[in-house]
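J.: Once you've had a glance at the structure underneath, I'll fire off some questions.
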Amino acid sequence: MKKNHTALCLVLALCIGTTAKTTAQVNVQDSLALVDLYNSTDGPHWKQKNKWLTASPVTKWHGVHVEYNRVVQLNLNSNNLNGTIPPSLGNLTELRFLFLYNNQLTGSIPSSLGNLTVLHYFYLDRNHLSGTIPSSLGNLNSVRYFAVSNNQLTGNIPDSLGSLEHVTNLYLYNNLLSGSIPESLGKLTKLDVLQLDHNHLTGKIPESFSNLATLNELHLSVNQLSGSIPESLGNLSSLQYLYLDSNNLSGSIPESLGNLSYLKNLNLGYNKLSGNIPEPLGNLKYLQKLNLSCNKLSGSIPESIGEKHLSELDLHYNQLTGSLPKSIHAYYLLFK
């Protein structure tokens with residue numbers, strides 16, 4: 001208790017000091033939030049803690065950037081933070097950059113972080129966080145990069161994340177998330193990368209994803225998604241990487257995927273897809289990797305598939321018939 005009291009008094013002195021030459025005034029609420037973070041995450045054992053809780057002004061503390069007396073950036077990634085995120089961190093209401101990734105953070109994500117409405121970068125990935133994603137994080141309507149991947153988060157993806165109207169990169173992969181993918185994510189029309197892979201998500205791929213016209217990468221691998229692949233995915237004209245492998249998807253491969261003219265990697269392996277390999281896939285002139293393995297595909301292999309500059313082609317464990325097209329004789333092909 002005495003140690004915490006001393007730290008509190010120190011921060012107050014830094015914040016309300018009257019000699020501008022020796023101290024920089026920083027919002028008291030912000031300073032107290034930083035002290036809470038230090039105490040909650042075993043600050044004495046951080047890798048870098050230069051100037052923290054010393055007589056130096058807050059502006060000199062490692063990883064802290066201040067503008068107009070408010071903390072606008074907190075960069076403590078890979079710094080051996082060990083403990084929980086204090087709810088008071090939500091008091092840093094002018095924070096634009098929050099980098100706490102690759103630490104040893106545990107416990108839940110405080111719902112109070114939804115108060116950080118001017119935040120642009122939200123990185124809590126590569127920790128040991130658990131519990132659910134707070135619906136309040138849907139209030140981060142200025143965020144561009146949202147990363148909570150590589151944790152142990154459970155529960156559903158909140159519908160409220162569909163309100164992140166400026167987000168370009170949404171990373172929720174490598175967690176324990178369950179339930180269906182919210183249709184509301186189809187409102188994120190500025191998305192460049194959407195990674196929901198390596199979770200326990202169920203249900204269908206939302207039809208609303210057809211609205212994501214700027215999407216470059218869609219990662220839904222290693223979940224428990226079912227139903228058919230929506231024809232509407234063929235509307236994603238900017239898509240270069242489509243990973244739907246290791247799910248329970250069924251039905252035929254939509255011919256509309258042949259409209260994805262910039263597609264480089266297509267992985268539909270380890271599903272329950274049936275029917276023929278669509279001839280329009282041969283239209284994908286930039287396609288480099290094609291994996292349709294471990295499905296129930298039948299019929300012959302289209303000659304046009306081999307006319308691409310493929311570096312990888314995997315068709316093994318299907319029910320394909322006919323002879324191997326001469327156009328693909330030079331490729332490494334698993335075909336059983």
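J.: Take the Cα atoms of region 22-151, build their convex hull, and give its volume per residue in Å³. Could you put the intermediate results ahead of the total?
T.: Values: hull volume 10.8 nm³, N = 130.
Hull volume normalised by residue count: 83 Å³.
J.: How large is the direction-averaged shadow of the alpha-carbon convex hull of region 62-119, in nm²? Intermediate results must be reported in sequence, preceding the final value.
T.: On the way: hull surface 15.2 nm².
For the Cα atoms of region 62-119, the hull's average projected area reads 3.8 nm².
J.: Hey, what number do you get for the chain at 222 nm if only DSSP H runs of n ≥ 4 count, each worth -39500 (n - 2.57), divided across all residues, to the nearest 500? Please list the in-between numbers first.
T.: Numbers: 2 runs with 28 residues, N = 336.
So the helix-based figure for the chain works out to -2500 deg cm²/dmol.
J.: Work out how much length residue 152 to residue 228 would gain on full extension: take 0.36 nm times their residue separation and subtract the Cα-Cα distance, in nm to one decimal.
T.: Working: separation 76, 0.36 × 76 = 27.36 nm, distance 2.86 nm.
Stretched out fully, the residue 152 to residue 228 stretch lengthens by 24.5 nm.
J.: To the nearest 20 debye, what is the magnitude of the charge dipole of the chain about its Cα centre, counting +1 on the Cβ of each Lys and Arg and -1 on the Cβ of each Asp and Glu?
T.: On the way: 22 positive and 21 negative charges, 211 e Å.
Dipole about the Cα centre, nearest 20: 1020 debye.
J.: Now a separate question. Given the Cα-Cα distance of residue 111 and residue 262 and 0.36 nm per residue of separation, how much length would full extension add, in nm?
T.: Working: separation 151, 0.36 × 151 = 54.36 nm, distance 3.93 nm.
Net length gain for the segment: 50.4 nm.
J.: Another question, then. What list of ³J(HN,Hα) values in whole Hz, one per residue of region 267-276 in order, does the Karplus curve 6.51 cos²θ - 1.76 cosθ + 1.60 (θ = phi - 60°) give from phi, with Gly and Pro shown as x?
T.: Ordered by residue, 3J(HN,Hα) equals 10, 10, x, 6, 10, 10, 6, 10, x, 7 Hz.
J.: While we're on this one: By DSSP, what percent of the beta bridges with both residues in region 2-287 are antiparallel, rounded to the nearest 5?
T.: Numbers: 4 of 44 bridges.
Percent antiparallel among DSSP bridges in region 2-287 is about 10.
J.: Tell me the label-point distance for the pair residue 300, residue 56, using the 7 Å Cα-to-Cβ offset, in nm and rounded to one decimal.
T.: 7.3
J.: Given 272/326; 47/289; 47/190; 49/187; 204/289; 204/326, which pairs have Cα atoms separated by over 31 Å?
T.: Working: 272/326 28 Å; 47/289 41 Å; 47/190 36 Å; 49/187 41 Å; 204/289 25 Å; 204/326 37 Å.
Checking Cα-Cα distances, 47/289; 47/190; 49/187; 204/326 exceed 31 Å.
J.: By how many degrees, 0 to 90 and rounded to 10, does the Cα axis of helix 28-40 deviate from the longest principal axis of the chain?
T.: Helix 28-40 sits at roughly 70 degrees to that axis.
J.: Also, quick follow-up: Relative to the longest principal Cα axis of the chain, at what angle does helix 2-16 sit, 0 to 90 degrees, rounded to 10?
T.: With rounding to tens, the tilt is 90 degrees.
J.: Quick one: Cα centre-to-centre distance for region 49-88 and region 190-240, in angstrom?
T.: That distance is 37 Å.
J.: Tell me, in nm to one decimal, what length is gained between residue 29 and residue 176 on full extension, where the rule is 0.36 nm per residue of separation less the Cα-Cα distance?
T.: Residue separation times 0.36 nm, minus the Cα-Cα distance, leaves 49.5 nm.
Read-outs: derived from the displayed coordinates by stated rules, not from any lab. All of these numbers come straight from a predicted model, not from anything done at the bench. Using ideal geometry, Cβ is built from the backbone for each residue, glycine included, and neighbour counts are taken over all protein chains shown.
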